[in-house]
Amino acid sequence: MQELEERIRTEGTVKPGNVLKVDAFLNHQCDVALFDQMGKAWAEHFAGKRVDKILTIEASGIGIACVAARHFGNVPIVFAKKAQSINLDGDQYVTTVYSFTKQREFPVIVSKKFLNEGEHVLLIDDFLANGKALRGLIDICDHAGATVAGIGIAVEKGFQGGGDQLRADGFDVDSLAIVESMDASTGEIVFRH
Ligand code: 5GP
């Protein structure tokens with residue numbers, strides 16, 4: 001998606017450790033008009049696929065998923081939680097994921113009442129790096145007996161391989177910008193087309 005690449009190029013910063021910072025429009029301050037364009041692009045890509053629900057993960061996935069839902073007939077959004085809380089009651093699907101940015105493991109939790117057997121679920125997230133977060137969401141869908149209809153990603157860091165592994169496993173992954181390489185010392189970002 002041209003506009004997203006442009007925003008990454010002009011407002012993104014490359015941090016040491018293969019971290020791309022895009023907090024001016026995606027991870028801290030949010031550009032809703034851009035989110036809307038992203039939702040439209042995913043809706044075009046996944047047109048014709050049954051999507052009953054969108055599943056994402058807190059925190060940065062929530063905003064983009066909510067805006068994207070407007071392009072999928074206002075289907076419900078469920079966001080996986082990353083910590084137990086007294087607000088989480090009843091039976092839960094729980095899996096463990098290693099966080100690339102926080103460099104530690106954390107639980108991924110979805111209440112059983114919000115994910116049902118037979119549902120077709122679109123997964124949405126802000127970043128795809130090694131694929132750990134998505135594998136956690138896929139695992140939860142498997143446990144629920146739900147089908148992964150597809151995966152919509154804002155920014156994939158292609159050089160980390162998670163996206164290509166998911167594609168090789170048969171998942172329909174639509175990443176709106178794929179970073180092929182980036183350099184923290186020069187700030188150069190090269191996209192895959
Ligand atoms: P993965 O699980 O695919 O290795 O990493 C994806 C998750 O880590 C995303 O949910 C995202 O929150 C975070 N992440 C990974 N790489 C980056 C990055 O370069 N920048 C930002 N802002 N988040 C990232």
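Here are some residues: ALA47, ALA83. Which one is over 14 Å from the mean Cα position of the chain (by Cα) and modelled with pLDDT under 95? Can you show your working first?
Numbers: ALA47 fails: modelled with pLDDT under 95.
Going through ALA47, ALA83 in turn, just one is over 14 Å from the mean Cα position of the chain (by Cα) and modelled with pLDDT under 95: ALA83.
Got a sec? Which of GLY131, GLY145, GLY187, GLY161 is within 22 Å of HIS45 (Cβ to Cβ) and either modelled with pLDDT under 95 or surrounded by fewer than 21 Cβ atoms within 10 Å (Cβ to Cβ) (or both)? Spell out how you get there, then give the answer.
On the way: GLY131 fails: either modelled with pLDDT under 95 or surrounded by fewer than 21 Cβ atoms within 10 Å (Cβ to Cβ) (or both); GLY145 fails: within 22 Å of HIS45 (Cβ to Cβ); GLY187 fails: within 22 Å of HIS45 (Cβ to Cβ).
Going through GLY131, GLY145, GLY187, GLY161 in turn, the sole match is GLY161.
Filter the range 16-35 for residues that are surrounded by fewer than 15 Cβ atoms within 10 Å (Cβ to Cβ) and under 13 Å from ARG70 (Cα atoms) and give the result.
VAL32, ALA33
As an exercise: evaluate VAL94 against (1) within 11 Å of the ligand (Cβ to nearest atom); (2) in contact with a Pro (Cβ under 7 Å, 6 or more places away or on another chain) and give the number of the one condition it does not meet.
(1)
Go through the range 147-169 and count every residue that is free of Cβ contacts under 8 Å to residues at least 60 places away in the same chain and among the small types (Gly, Ala, Ser).
Matching residues across the range 147-169 total 5.
Considering the range 1-34 alone, what residues qualify as being charged (D, E, K, R), within 13 Å of the ligand (Cβ to nearest atom) and not in a loop (DSSP other than H, G, I, E, B)?
Residues of the range 1-34 that are charged (D, E, K, R), as a first pass: 3, 5-7, 9, 11, 15, 21, 23, 31.
In the following step, the residues that additionally are within 13 Å of the ligand (Cβ to nearest atom) were identified as 11, 15, 21, 23.
Matches in the range 1-34: GLU11, LYS15, LYS21.
With the requirement that a residue be aliphatic (A, V, I, L, M) and free of Cβ contacts under 8 Å to residues at least 24 places away in the same chain, what does the range 47-66 give you?
Passing the criteria: ALA47, ALA59, ILE62.
Step by step: first the residues of the range 91-102, then only those that are of a type in the set (S, T, N, Q) and in contact with an Asp or Glu (Cβ under 8 Å, 6 or more places away or on another chain), then the one that is surrounded by the fewest Cβ atoms within 10 Å (Cβ to Cβ). Which residue is that?
THR96
Taking the condition surrounded by 13 or more Cβ atoms within 10 Å (Cβ to Cβ), over 22 Å from ASN130 (Cα atoms) and more than 15 Å from the ligand (Cβ to nearest atom), does PHE72 pass?
Yes; evaluated as a whole, the condition is true for this residue.
Filter the range 178-193 for residues that are under 21 Å from SER99 (Cα atoms) and either in contact (Cβ under 8 Å) with a residue 60 or more places away in the chain or part of a helix (DSSP H, G or I) (or both) and give the result.
VAL179, MET182, ALA184
May I ask you to verify whether VAL97 is part of a strand (DSSP E or B) and free of Cβ contacts under 8 Å to residues at least 40 places away in the same chain?
Here the answer is yes, as VAL97 does meet what is asked.
Among GLU105, GLU117, which is surrounded by fewer than 16 Cβ atoms within 10 Å (Cβ to Cβ), within 15 Å of the ligand (Cβ to nearest atom) and of a type in the set (D, E, K, R)?
Sole residue among the options that is surrounded by fewer than 16 Cβ atoms within 10 Å (Cβ to Cβ), within 15 Å of the ligand (Cβ to nearest atom) and of a type in the set (D, E, K, R): GLU105.
Could you tell me how many of the residues in the range 120-146 are away from the ligand (no atom under 15 Å from the Cβ) and touching a residue at least 12 places away in the same chain (Cβ under 8 Å)? Talk me through it step by step, then tell me what you get.
Pass one, the range 120-146, residues away from the ligand (no atom under 15 Å from the Cβ): 120-122, 141-146.
This time we only want the ones that are touching a residue at least 12 places away in the same chain (Cβ under 8 Å), so: 120-122, 141, 143-146.
Number satisfying all stated conditions: 8.
Does ASP172 qualify as being modelled with pLDDT of 95 or more, within 26 Å of GLN37 (Cα to Cα) and more than 15 Å from the ligand (Cβ to nearest atom)?
Criteria met by ASP172.
The values are calculated or read from the model by the stated rules, or taken from the named source; none is laboratory data. As the structure is a computational prediction, the values presented were derived from the model and not from experiment. Here the Cβ is made from the backbone with ideal geometry for all residues, glycine too, and neighbour counts use every protein chain on show.
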